[in-house]
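Data first, discussion second: the structure below is written as structure tokens.
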Amino acid sequence: MADLSSIDAVVSRVLVVENDQDEIDFIKTFLEHKKMFVDIARDAGQARAAFKMHQPDFVIMDVMLPNEVTGFELCERLKQENINIPMLMLTAIDMDDARDLATRVGADGYMTKPYDPEELLRQMFEIAEKCWRRKFGESAVEEEKISFICTECNKKLRVKASHRGRTLNCPRCGQPVMIPFHG
């Protein structure tokens with residue numbers, strides 16, 4: 001299993017597609033505490049708009065959404081727009097048929113409610129890492145690292161070179177930091 005301390009470099013912005021306000025509040029608070037930016041969509045229409053406006057690093061979605069579009073249909077549509085963005089179905093439906101359908105429409109993971117928030121974080125990291133390897137190939141795993149300084153708090157940061165040009169949150173001050181192309 002990969003090192004969880006590097007999740008900030010892999011996942012910075014998360015789109016949560018959920019219509020239950022208590023679940024929204026919980027996930028948003030939990031992920032923001034982990035220094036991630038969280039966008040909320042309460043249905044498929046809001047999700048597609050948010051996906052286009054602020055492309056996330058990760059999508060968490062429920063299967064049961066209001067209106068006529070399910071999480072399965074939404075996942076398939078979003079994967080058609082960008083196959084490289086990791087997507088996790090987080091739902092109360094615990095059926096093999098639902099898991100199979102999620103895989104067929106492109107979901108990268110499937111978790112059932114209730115869940116352990118730390119397990120959610122582990123799943124997010126493992127799924128993001130798997131998608132990254134799928135995109136860049138296994139040869140990039142043993143990649144060089146680059147070092148740079150947070151401009152807010154002067155903390156020295158070190159990440160994989162493949163993250164050049166992306167934004168991460170400084171683990172010390174929580175401010176967004178652009179990873180330089182040269183380091």
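The values are calculated or read from the model by the stated rules, or taken from the named source; none is laboratory data. Not measured: the values here are computed from a predicted model. Glycine also receives a Cβ, built like all others from the backbone with ideal geometry; neighbour counts cover every protein chain displayed.
Worth a mention:
- Residues that are of a type in the set (S, T, N, Q) and surrounded by fewer than 15 Cβ atoms within 10 Å (Cβ to Cβ), drawn from the range 151-166: THR151, ASN154
- Scan of the range 129-165 for residues that are at pLDDT 75 or above, part of a helix (DSSP H, G or I) and over 22 Å from LEU88 (Cβ atoms), ordered by number: ALA161
- Exclusive hit being of a type in the set (A, V, I, L, M, F, W, C), at pLDDT below 95 and crowded, with 18+ Cβ neighbours inside 10 Å, set VAL10, VAL14: VAL10
- Tally of residues being of a type outside the set (Gly, Ala, Ser), surrounded by fewer than 17 Cβ atoms within 10 Å (Cβ to Cβ) and more than 20 Å from LYS113 (Cβ to Cβ) across the range 47-68: 6
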